[in-house]
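> Before anything else, here's the structure in question.
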Amino acid sequence: MFIVHQTINEIRRHPVRTIIVSLLIAVLMVAAGGIYAMSVDVRHTIGEMESNHSISVYLKPSLDQAAIQLLLDQTQRNVAVLRAEYISPADGLKKLAEQYPQFASVFKDLTRNPIPPLLRVYPASVAETGSLAAELRALAGVQSVEYDQSSVQGMVRANEFVHSLLAYVMTLAGLLFVAGFCLMAFSVINGKRKETAVLSLVGASNTQVLLSTPAHLFAVWAIASLLFIAALPRVVRFATSRLAESIPWVTPVSTSVTVAASALVVLLASLTCLFLACVIATILAYRIEEEQRREESLLE
């Protein structure tokens, strides 16, 4: 109760400082949470693109239905294959006619179907598309293998960029959290030097005096967290709606799931930074105090 009472009194004595610092920390938390939520949506979008990416395996026209089914089963058993489907020449010509309706009369006048039998193979990992294509090309009965190499490279680079950007932003946010909490802790410790001496005289234990600063910072963090939790859903909904407008064929991640994941990550990261800052600020403050005492003793 002593620590709680001291924390409440400290907040009452400095309401403006508490509000300003809480708002600044809340803004930083919202920024970090919004960026994390956007990274979730971007990674989900890239995953949707990857799941729709396929390799076209053109088979030799001389293969009969039994050989094609055997080849399809062999392909589906490959651990690098997510799924595979067979497209017959008739189905291929029908899809081509639907894709280019302006040439419908040309397709009807064809005396022979020029579309070869096709296996459409979906890789389990886009990064392994090249090696999977080489394996498929070596199978008996395969005439040629084609895939969009530039799209594959683009998706791999986009994944690497998103992960690198997220790591960079979260590291920067963590450093800002630590710096902000350190400055505040250092300010509180320095402001309580006389009060600490008085508290020690009236019977407060060293542990109670030492824990008064982390308790104060935890109270500020709690206020900032409430503001952060109140503002984060709006930020996530805005980012999700913009993503849905930009890429309508992608189904966005559930807003509640994104908010929960972002809130959990930011709250845990900021709380860890708070305790780290308390330790750093306490060590620095007491070392500075020791140096000041040494200087005073030398002057005397």
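> Under a crude label model (7 Å from the Cα following the beta-carbon direction), how far is T171 from H44 in nanometres?
2.7 nm
> Amide H to amide H under 5 Å from Q143: which residues, 5+ apart in sequence or cross-chain, H placed 1.01 Å off N in plane?
Excluding prolines and chain starts, which carry no amide H, the hits are Y58, L59, K60.
> What is segment 54-147 by shape, rounded, prolate or oblate, if you read a ≥ b ≥ c off the alpha carbon gyration tensor as root eigenvalues and call it rounded for a/c under 1.5, prolate for a/b larger than b/c, and oblate otherwise?
Prolate is the answer for segment 54-147, as a/c is 1.5 or above and a/b outweighs b/c.
> Please report the spacing between the Cα centers of segment 27-66 and segment 220-241 in Å, no decimals.
Spelled out, the Cα-based centre of one part sits 28 Å from the other.
> Quick one: Karplus J couplings for segment 56-70, per residue in order, coefficients 6.51, -1.76, 1.60, θ = phi - 60°, nearest Hz, x for Gly and Pro?
8, 10, 8, 9, 5, x, 7, 5, 8, 5, 5, 5, 5, 5, 5
> Rounded to the nearest 0.05, what FRET efficiency is calculated for R77 and V16 with R0 set to 51 Å and r the Cβ-Cβ distance?
Details: r = 69 Å, r/R0 = 1.34.
The computed FRET efficiency comes out at 0.15.
> So, one more: Using 7 Å Cα-to-Cβ label points, what is the S256/L139 separation (nm, one decimal)?
Roughly 4.2 nm, to one decimal.
> At 0.36 nm per residue, and after removing the present C-alpha to C-alpha distance, how many nm does the segment from R120 to S51 gain when stretched out fully?
Result for the pair: 23.6 nm of gain on full extension.
> Another question, then. Amide H neighbours of I55 under 5 Å, counting only residues 5+ apart in sequence or on other chains, H built in-plane at 1.01 Å?
HN-HN under 5 Å from I55: V121, Y122.
> Provide I46, I87 in ascending order of the number of other Cβ atoms located within 10 Å of each residue's Cβ, fewest first.
On the way: I46 19, I87 16.
The fewest-first ordering by Cβ neighbours comes to I87, I46.
Quick note: the coordinates plus some simple rules give every number you see, no bench work behind them. Owing to the predicted nature of the structure, the values given are computational and were not obtained by experimental measurement. Methodologically, a virtual Cβ is constructed for each residue, glycine included, from the backbone with ideal geometry; neighbour enumeration extends over all protein chains shown.
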